[in-house]
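To keep things clear, I will list the structure first and then write my remarks on it.
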Amino acid sequence: MEDSVITFLEKTLQRIPSSSLKSILNEWGFLSAQQLQDLHFQQSKHILHNKVLAFCEENGMRIRHVIQLDMIYNCEYPNKRNWSVYQFSGQQDDALVLNVTEFSQKFKVNLKDLLRHVSIGMKQFEDDAVWIRVAWGDNFTKPNQFKPTYVVYQLQTPYVFISNLNVKHRPLLSQALVIATKHDEIKEIQLRGRCLKSLKDLVLRRYKQSFQTYQPKPLQERHCPERDQGIVHEHAKRLADLKEVATQTFGDGPLPKLETAVFKLETKFKDPENRILTNRPEPFRCAVKFSSPSFLESLKSLVTLGVASTPVSPLLSSIPQKARNHFVISERGPGVPSTPAP
């Protein structure tokens, strides 16, 4: 094997958790049944990886085989990557009859016409999701297999999920996707995160939504009786009210997992006592970022515990309905900035 192939395989094996190595190697299918039996998965990763490397060299492994292994790992652990959501528009008349074979052929042909050295791998799943792995080179250098772009296209929907795409390659990938999916354009919708399933649930409305019919009123302070029993009863009633507000705002089911919510302020500074900033012609700019392993669930918990004030600001409570977690607040109100196609 070439040194570059060995290095690529080593790095791929290092990312695979020991608990999943056996199942991923089985799905890969490159090692024979006897070779898999000869592997002792209780051994240290170093010894185990060396045996896998020896078997792969014995089987005459090529770069395409390692690409397949890398795709299997990323499909198994999509939350290891950061994803951005893009949306197609201008659907052509025959876009609804698009099949996987036609999409794959058009995508590969168009991208390879634009770039001489590019490596493309594809894998389809039962949920109509097509995974695409693109390793970028240029007209003079071979594709860099260590920093690929991953694309997940949900068939029969206007949404695509992209990870690790730099500015240089955005126009190329954009053109290939638009032509292959039979649309006119594509743009980012300002929804980003690591949990691919939650991003899909948000844009495809595949979670139990909450539809408020009225805006909850702030909870009023109540006079607590002096007796202990009265205090306990009052506290329990307040917690029940808070839980009701949280349920009305966010629903009673599990919420999609988002790690961040970002709000950028671009508006005039208004303070009659601070004329220096008020008289500035350019807008006042700042950014607020909320971070949590599961931001929406954390916010719901804060409301339930009475830590967050109620009613919850529509800027926060409307995130699931709008399927956005990056906003710009301007003089016209909160909105989504216009961004170039990927």
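The values are calculated or read from the model by the stated rules, or taken from the named source; none is laboratory data. Since the structure is predicted, the reported quantities are computational estimates derived from the model, not experimental observations. Here the Cβ is made from the backbone with ideal geometry for all residues, glycine too, and neighbour counts use every protein chain on show. With ligands, DNA and RNA removed, areas are computed over all heavy atoms of the protein, side chains included. Shrake-Rupley method; radii C 1.70, N 1.55, O 1.52, S 1.80 Å.
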Quick check: is even one residue across region 113-129 surrounded by fewer than 15 Cβ atoms within 10 Å (Cβ to Cβ), over 21 Å from the mean Cα position of the chain (by Cα), without any contact (Cβ under 8 Å) to a residue 40 or more places away in the chain and not in a strand (DSSP E or B)?
yes
For region 59-86: of the residues being within 13 Å of Arg194 (Cβ to Cβ) and outside any strand (DSSP E or B), which is most open to solvent (accessible area, probe 1.4 Å)?
Lys80
If we ask which residues in region 23-77 are more than 26 Å from Thr149 (Cβ to Cβ) and of a type in the set (Val, Ile, Thr), their number turns out to be 2
Within region 87-103, can you find the residues that are modelled with pLDDT of 85 or more, in a helix (DSSP H, G or I) and open to solvent by 20 Å² or more (accessible area, probe 1.4 Å)?
Val100, Thr101, Glu102
Evaluate region 245-263: report whether one residue or more is of a type in the set (Lys, Arg) and modelled with pLDDT under 80.
no
Could you count how many residues in region 26-48 are closer than 22 Å to Ala135 by Cβ and in contact (Cβ under 8 Å) with a residue 24 or more places away in the chain?
3
Provide a single number: the residues in region 254-275 that are in contact with a His (Cβ under 9 Å, 6 or more places away or on another chain) and open to solvent by less than 80 Å² (accessible area, probe 1.4 Å).
4
In the list Glu185, Glu126, which residue meets the criterion of being touching a Ser or Thr at 6+ places or on another chain (Cβ under 6 Å) and acidic (Asp, Glu)?
Glu185
Taking region 130-146 on its own, how many of its residues are part of a loop (DSSP other than H, G, I, E, B), farther than 14 Å from Ile63 by Cα and not polar (S, T, N, Q)?
3
Identify the residue in region 39-58 that is part of a helix (DSSP H, G or I) and in contact with a Ser or Thr (Cβ under 9 Å, 6 or more places away or on another chain) and, among all such residues, is most open to solvent (accessible area, probe 1.4 Å).
Lys45
Subset tally (residues that are within 21 Å of Asn79 (Cβ to Cβ) and either open to solvent by less than 20 Å² (accessible area, probe 1.4 Å) or part of a helix (DSSP H, G or I) (or both)) for region 147-186
11
Within region 276-324, track down each residue that is outside any helix (DSSP H, G or I), open to solvent by less than 40 Å² (accessible area, probe 1.4 Å) and modelled with pLDDT of 90 or more.
Ser292, Ser294, Ala323
